[in-house]
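First comes the structure, then the notes that go with it.
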């Protein structure tokens, strides 16, 4: 199977969907560079999970500045030398901002975003990973990050809903929507090969991939 047309691939999905592990695996398979959102480097994130109202704005602004810098470096580099696989889509920053900020903070965030004007090449493919809320909760628990232990289950549900609404309207790049309920790309080579095959056969602007139990 040939995947040479995919020079810039973005893997997205809510917390616990498995986007970072799949990003790493795809990058290795494609011999591509990897671009990660580095959530662990955000000093406000642990405090956000403890006090969401107080720390939502600095958390979101830190992510915005960091992602804008990474994309600027990407635009200045030779993207097409080896290709790039990323675990974040800059467009989704507004999703988190709208979900977590009050009206005045969101207005300020929009102004900062407009001034930064973060630009990224249009992906050749966006892979959106879906999973039932119970599966997301179990995966978050299993990976055992201390600052995620206090995450409210209601927040995870609202986040998953926001992702679903966002990608329902998304038309900027070819989109492969993957239901991961019965797929484990990190641990199953067979599942990963199925995904690669599905990517190679993708022809339409929006397609779906799942596997029966």
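For the condition in contact with a helix residue (DSSP H, G or I) (Cβ under 6 Å, 6 or more places away or on another chain), in contact (Cβ under 8 Å) with a residue 12 or more places away in the chain, more than 23 Å from residue 172 (Cβ to Cβ) and part of a helix (DSSP H, G or I), what is the one hit in 58, 46?
Values: 58 fails: in contact with a helix residue (DSSP H, G or I) (Cβ under 6 Å, 6 or more places away or on another chain).
So the residue among 58, 46 that is in contact with a helix residue (DSSP H, G or I) (Cβ under 6 Å, 6 or more places away or on another chain), in contact (Cβ under 8 Å) with a residue 12 or more places away in the chain, more than 23 Å from residue 172 (Cβ to Cβ) and part of a helix (DSSP H, G or I) is 46.
Quick one: how many residues across segment 94-130 are at pLDDT below 90 and buried (at least 20 other Cβ atoms within 10 Å of the Cβ)?
1
Look through segment 20-37, keep the residues that are touching a strand residue (DSSP E or B) at 6+ places or on another chain (Cβ under 6 Å) and in a helix (DSSP H, G or I), and return whichever of them is surrounded by the most Cβ atoms within 10 Å (Cβ to Cβ).
Among those residues, the one meeting the criterion is 26.
Confirm whether residue 211 is more than 15 Å from residue 13 (Cα to Cα), touching a helix residue (DSSP H, G or I) at 6+ places or on another chain (Cβ under 9 Å) and surrounded by fewer than 16 Cβ atoms within 10 Å (Cβ to Cβ).
Working: more than 15 Å from residue 13 (Cα to Cα): yes; touching a helix residue (DSSP H, G or I) at 6+ places or on another chain (Cβ under 9 Å): yes; surrounded by fewer than 16 Cβ atoms within 10 Å (Cβ to Cβ): yes.
Yes; evaluated as a whole, the condition is true for this residue.
Among the residues of segment 7-19, write down those that are modelled with pLDDT of 90 or more and touching a helix residue (DSSP H, G or I) at 6+ places or on another chain (Cβ under 9 Å).
Just the residues of segment 7-19 that are modelled with pLDDT of 90 or more, to begin with: 8-14, 17-19.
Matches in segment 7-19: 8, 9, 10, 11, 12, 13, 14, 17, 18.
Residue 202 versus (1) farther than 16 Å from residue 11 by Cα; (2) surrounded by 13 or more Cβ atoms within 10 Å (Cβ to Cβ): which is the lone unmet condition?
Unmet condition: (1).
Given the conditions (1) modelled with pLDDT of 90 or more; (2) surrounded by 17 or more Cβ atoms within 10 Å (Cβ to Cβ); (3) in a helix (DSSP H, G or I); (4) out of contact with any helix residue (DSSP H, G or I) (no Cβ under 8 Å at 6 or more places or on another chain), which single one is not true for residue 70?
In the conditions (1) modelled with pLDDT of 90 or more; (2) surrounded by 17 or more Cβ atoms within 10 Å (Cβ to Cβ); (3) in a helix (DSSP H, G or I); (4) out of contact with any helix residue (DSSP H, G or I) (no Cβ under 8 Å at 6 or more places or on another chain), residue 70 misses (1) alone.
Can you say whether residue 17 is assigned to a loop (DSSP other than H, G, I, E, B), surrounded by 15 or more Cβ atoms within 10 Å (Cβ to Cβ), in contact (Cβ under 8 Å) with a residue 12 or more places away in the chain and touching a strand residue (DSSP E or B) at 6+ places or on another chain (Cβ under 9 Å), as far as the supplied structure shows? Steps first, answer last, please.
Values: assigned to a loop (DSSP other than H, G, I, E, B): yes; surrounded by 15 or more Cβ atoms within 10 Å (Cβ to Cβ): yes; in contact (Cβ under 8 Å) with a residue 12 or more places away in the chain: yes; touching a strand residue (DSSP E or B) at 6+ places or on another chain (Cβ under 9 Å): yes.
In short, yes.
I'm trying to understand the selection: among the residues of segment 181-213, which are modelled with pLDDT of 90 or more, within 17 Å of residue 124 (Cβ to Cβ) and outside any helix (DSSP H, G or I)?
202, 205, 206, 207, 209
Could you check how many residues of segment 100-137 are free of Cβ contacts under 8 Å to residues at least 40 places away in the same chain and assigned to a helix (DSSP H, G or I)?
Total satisfying the criteria: 10.
The values are calculated or read from the model by the stated rules, or taken from the named source; none is laboratory data. Everything numeric here is computed off the predicted structure, so don't read it as measured data. Cβ sites come from the backbone with ideal geometry, for glycine too, and all protein chains shown count toward neighbours.
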